[in-house]
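Please read the structure below before turning to the comments.
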Amino acid sequence: MTIIYFILAAIALGILVFIHELGHYFAARMVGMRVEVFSIGFGRPLFKWKWQDVEWQLAWLPFGGYVKIAGMEMGKKNSDPSEVENGFFSKSPWKRILVAIAGPLANFILAFLLFIALWGMGGREKPFSEFTHYIGWVDPQSELYSLGIKPGDILTKYDGMAYTNSKELIYAAMLGDKKVTVEGFHVDEQNGQKTPFNYTVETYPSPSSLDGLLTMGILSPTRYMIFSNTGEGYEKSFPEGSPMAESGIQFGDRILWADGKILYSLDQMSNLLNDRRALLTVERDGQIFLTRQPKVSLGDLSLSSSVRDEIKDWQFAIAIKGKFSSLSFLPYDMSNEGIIEGHLSFIDEESERAAFPKSPNSKDNRLKIGDRIVAVDGLPIKNSYEILKLLQIKHVNIIVDRSGTNVSPLNFKNEDWVFEHSINRQDLNALSNTIGNPQANRQIGTLVLLNSVIPKKIGDFSESPEAKAQIASQIEAQKQKILEIKDKDKRVQALKTLDESQNKYVLGIYLQDRNVQYNPNPAALFGDVFSETWRTLKALIFGYLNPKWLSGPIGIVQVLHHGWAIGIGEALFWIAAISVNLGVLNLLPIPVLDGGYICFALWEIITGKRLKAKTIEKLIVPFVVLLVGLLIFLTFQDISRFF
């Protein structure tokens, strides 16, 4: 099927070019120009025939075509194109403008008709994450994070424009100025109360990109996380060795909460699984509450001899192996019953800042003297020996929504309203507050507390020798690409990130987003694509956009192939979108493009003087060379991305 999709993609691209040339053909015939050749395809003709004084031909490469109008050939000695009978340059400037603009206009008409067809079909099914306004993950090192933006907050505007989909996060950072203004609402996790925000921040290279793509700090949107059996390799049950196999999760369950946090994205969940924090159930003044506290290495703490000896006794009593300084512990002095008696000092300020970072998203919630630790990661404890033991292994508590989440697509007009009201915060708070109690409720309403889970590192899963070899090959390819980075600091950071990615803890299940039926009216869809194309060109002209991020012919075919693979609706959208792009590009005021010929005609109208053929030729030739060079460059970029 892949080959068929590529063939369909190439044919679709050829049809777009053919429709463009057909527009020129009909306009030229209408104003009385003599069309000499209409070629369907490029290269050597396979068949030729004559019809209405036009030589029609079918070339061996039937993707695209061209129209040859009399008098448009340059370079002939002692010839004036304006004297060619019924030639292009023999007609008035207005007629030449009509013929030149007819090609792009044909592309626009085709695109609009395809958008109408798509609208009539009911639109496309797209992931909820693509159109939601809810933020899924924020770079902890970003300025937005330091200002208090967090997962679950709502983004409504950027640079004064209404936010409509997640692609605009990329466009805002890549295509705009170095500063981006974002507006929206902070959402209180406990009660859902909204507070407006308005911040202006600088863009910077994304930590997840090796190509220098810019970001404002919002790295991913919110998504549903529904346990599904539709992922490749997950048709029957869990992958071998999955930590979730004994958790009690069922197909259709939506993971909603883990270790004190409502979950909004896979990135957020990955961060929670891999951060060095423990979920503690604490009693204070007769009240029980949950708190996430940092786990630090004992080697990072300044311990008195008495405290050191006491913890060593605990280590010996429960036979924990390992170097003392590398054991995980809480930065508190505590009694044998788990009662906090004081705060332990850190060896250096950097370690303390890492444990208790100062930001609106990381409030200093240190335990107080007299607090009693009741449970660690949801597991009840009787004495501090058990606290030390449980701190060495990560246990995760997960709450799922078992309401039989309707997997039918949401309407794109009210998807966020449905998402907001799908979280029963009152029941969620009530159920989570029972964690650590041996007689705790396991279910309140449709919310279910799963059995605690011990996440696994990616490399600890059982894999076949073939799968391991493939993974090793992919890692080596990524490493080689990283080694090509010239900036030493970026290269070191990228290698560190790659290494960390191979040692991350995961749950080992496939989580599916919920779909949205996206079907705006054809005019709105056309306007969005046209605006997006114009912004991209504007950013390219003013230097905001690196040309290597653009796609050439191979990249366009890949996009169309991807569309066909998803379905006819997605394919129609991309054919229409590329048709709009083709029309806009050809209207650029560049010699050799339709926009260039329009400029020549406008010059004649304004000045009353016709440009000489040699002048036009001198203007066109260098731009032909530049255009060919650009196509070669983009093709090279497409091929490098492909491999």
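The values are calculated or read from the model by the stated rules, or taken from the named source; none is laboratory data. Since this is a predicted model, take the numbers as computed values, not measurements. Ideal geometry is used to build each Cβ from the backbone, glycine not excepted, and the neighbour counts take in all protein chains shown.
Observations, loosely collected:
- Filtered residues of region 83-115 (kept if among the charged types (D, E, K, R) and either at pLDDT below 90 or in contact with a strand residue (DSSP E or B) (Cβ under 6 Å, 6 or more places away or on another chain) (or both)): E83, E85, K91
- Filter result (more than 16 Å from F18 (Cα to Cα) and in contact with a strand residue (DSSP E or B) (Cβ under 8 Å, 6 or more places away or on another chain)) within region 37-52: R44, L46, F47, K48, W49, K50
- Residue in region 495-525 that is modelled with the lowest pLDDT, counting only those that are of a type in the set (A, V, I, L, M) and within 30 Å of G569 (Cα to Cα): I509
- Any hit, region 100-113, residues being crowded, with 18+ Cβ neighbours inside 10 Å, of a type in the set (V, I, T) and within 30 Å of E420 (Cβ to Cβ): no
- Condition met for L582 (surrounded by fewer than 20 Cβ atoms within 10 Å (Cβ to Cβ), modelled with pLDDT of 85 or more and more than 24 Å from the chain's Cα centre (by Cα)): no
- Filter result for I373 (in contact with a strand residue (DSSP E or B) (Cβ under 8 Å, 6 or more places away or on another chain), without any contact (Cβ under 8 Å) to a residue 60 or more places away in the chain and assigned to a strand (DSSP E or B)): no
- Leading residue by the ranking (modelled with the highest pLDDT) among those in region 526-560 that are over 19 Å from the mean Cα position of the chain (by Cα) and buried (at least 19 other Cβ atoms within 10 Å of the Cβ): F526
- Flag if I149 is surrounded by 20 or more Cβ atoms within 10 Å (Cβ to Cβ), of a type in the set (V, I, T) and either on the phi > 0 side of the Ramachandran plot or out of contact with any helix residue (DSSP H, G or I) (no Cβ under 8 Å at 6 or more places or on another chain) (or both): yes
- Residue match in region 30-45 (condition: assigned to a helix (DSSP H, G or I) and within 16 Å of G87 (Cα to Cα)): yes
- Residue within region 24-37 that is closer than 28 Å to G567 by Cβ, assigned by TED's automatic domain parsing to the domain that holds K612 and either at pLDDT 90 or above or among the hydrophobic types (A, V, I, L, M, F, W, C) (or both) present: no
- Yes/no for T164 being at pLDDT 90 or above and of a type in the set (S, T, N, Q): no
- For I598, the conditions (1) under 26 Å from the mean Cα position of the chain (by Cα); (2) surrounded by 20 or more Cβ atoms within 10 Å (Cβ to Cβ); (3) at pLDDT 85 or above all hold with the exception of (1).
- The residue that is farthest from K382 (Cα to Cα), counting only those in region 327-345 that are outside any loop (DSSP other than H, G, I, E, B) and under 39 Å from the mean Cα position of the chain (by Cα), is S328.
- If you go through region 125-179 and keep only what is in a strand (DSSP E or B) and within 24 Å of G569 (Cα to Cα), you end up with E125, K126, P127.
- In region 350-367, residue modelled with the highest pLDDT [restricted to those that are surrounded by fewer than 12 Cβ atoms within 10 Å (Cβ to Cβ) and in a loop (DSSP other than H, G, I, E, B)]: N365
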